[in-house]
Amino acid sequence: MSHTATNIALLSCDVFQDEIEAYSEGSKQFAEIETLEMGLHDNPDRLRSEITAAISRIESNPEVETILLAYGLCGNGLTGIEANRCTLVIPRAHDCISILLGGMAPHRDQLLKNPGTYFYSPGWIRGKRVPGPDREKHIRTLYAERFEDDEEMIDELVDADRDAFRHYNCAAYVDITNNQTAESYCKSCAQHQGWTYKRMNGNPAMLQDLLSGNWDPSRYLHVPPGKRIVAGDSDEVFQIEG
């Protein structure tokens, strides 16, 4: 199959917004571009449903033959995904941090050195969802919409959210776009949380190769039409069902 701008579509999490702008040629590089909100990661079933719906929309364009998924396994949110007509190409990565580091090895190595590492990136910082000075306000607003005037319930949920990060001790910043504003914010998050700060050198290769068509099967899963993505072992991450 030949790959041209007219037969490739990109379906991406908006956590990669800055990185895709930096490492692609924009809309002229793809027949279709669709972006889904990063908040879907909070609910893997909803993420799976939204990706499935997006694939169906993209497949309505008869010129598209290949859909690139700028996603990792994402809490098993990508398991069960399939396309009816197009081939899917997806990086063999557990999540966006692995992709920004250029593969799973540096991600795994850092967690082995310090299991208390929490990873930050420009995309996650942009959403103000990361542990830091703005998260509590974000969480309170979120729960207030759900529980309205039940202040006691909201306080309990905010406390539980704060407790969920007590075992972390390091804010690790991963960037492939040299976003100094985001890095400064990450440092403020580390200070706010009482954690150490670490900058990790990102590697654009995995995202760049996805966008440019360098889809080595050892690094990217190729899913034929009608076949379903399932979780694989720790090294291959994904495999094709059956």
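A few notes on this one:
- Among the residues making up segment 21-58, those that are of a type in the set (A, V, I, L, M), touching a residue at least 12 places away in the same chain (Cβ under 8 Å) and more than 21 Å from ARG129 (Cβ to Cβ) are ALA22, ALA31, ILE33, ALA54, ILE55, ILE58.
- Here segment 162-182 is the region considered, the condition is being among the hydroxyl-bearing types (Ser, Thr, Tyr) and out of contact with any strand residue (DSSP E or B) (no Cβ under 9 Å at 6 or more places or on another chain), and the residue that is nearest to PHE16 (Cα to Cα) is THR177.
- Verdict on ALA171 being under 30 Å from TYR143 (Cα atoms) and touching a residue at least 12 places away in the same chain (Cβ under 8 Å): yes
- Hey, GLU19 within 15 Å of LEU210 (Cα to Cα), in the same structural domain as ASN61 (by TED's automatic domain parsing) and buried (at least 17 other Cβ atoms within 10 Å of the Cβ) or not: yes
- Those residues of segment 166-186 which are within 20 Å of the chain's Cα centre (by Cα), part of a loop (DSSP other than H, G, I, E, B) and not hydroxyl-bearing (Ser, Thr, Tyr), in sequence order: ILE176, ASN178, ASN179
- Condition broken by ALA190, with the remaining ones in (1) crowded, with 16+ Cβ neighbours inside 10 Å; (2) touching a helix residue (DSSP H, G or I) at 6+ places or on another chain (Cβ under 8 Å); (3) not acidic (Asp, Glu) satisfied: (2)
- In summary, GLU34 fulfils each of the numbered conditions (1) touching a Leu at 6+ places or on another chain (Cβ under 8 Å); (2) part of a loop (DSSP other than H, G, I, E, B); (3) of a type outside the set (S, T, N, Q) with the single exception of condition (2).
- The residues listed here are ASP150, ASP155, ASP159; of these, the one that is over 30 Å from TYR23 (Cα atoms), surrounded by fewer than 17 Cβ atoms within 10 Å (Cβ to Cβ) and modelled with pLDDT under 90 is ASP150.
- Among residues of segment 67-100 being of a type outside the set (A, V, I, L, M, F, W, C), over 16 Å from the mean Cα position of the chain (by Cα) and assigned to a strand (DSSP E or B), the one that is surrounded by the fewest Cβ atoms within 10 Å (Cβ to Cβ) is GLU82.
- Of everything in segment 162-174 that is surrounded by 13 or more Cβ atoms within 10 Å (Cβ to Cβ) and closer than 25 Å to ASN201 by Cα, the residue that is modelled with the lowest pLDDT is PHE165.
- On the stretch given as segment 41-57, residues that are buried (at least 18 other Cβ atoms within 10 Å of the Cβ), closer than 16 Å to ILE229 by Cβ and of a type outside the set (Lys, Arg) total 4.
- Among the residues of segment 190-209, those identified as within 20 Å of the chain's Cα centre (by Cα), in contact (Cβ under 8 Å) with a residue 40 or more places away in the chain and part of a helix (DSSP H, G or I) are ALA205, MET206, LEU207, GLN208.
- Candidate set: segment 101-143, residues that are among the small types (Gly, Ala, Ser) and not in a loop (DSSP other than H, G, I, E, B); chosen: the one farthest from ASP155 (Cα to Cα): ALA105
- Sole exception among (1) over 30 Å from ILE51 (Cα atoms); (2) surrounded by fewer than 17 Cβ atoms within 10 Å (Cβ to Cβ); (3) touching a residue at least 12 places away in the same chain (Cβ under 8 Å) for SER218, by number: (1)
The values are calculated or read from the model by the stated rules, or taken from the named source; none is laboratory data. It should be emphasised that the depicted structure is a prediction, and the values quoted were computed from it without experimental measurement. Neighbour counts run over all protein chains shown; Cβ positions are idealised from the backbone, glycine included.
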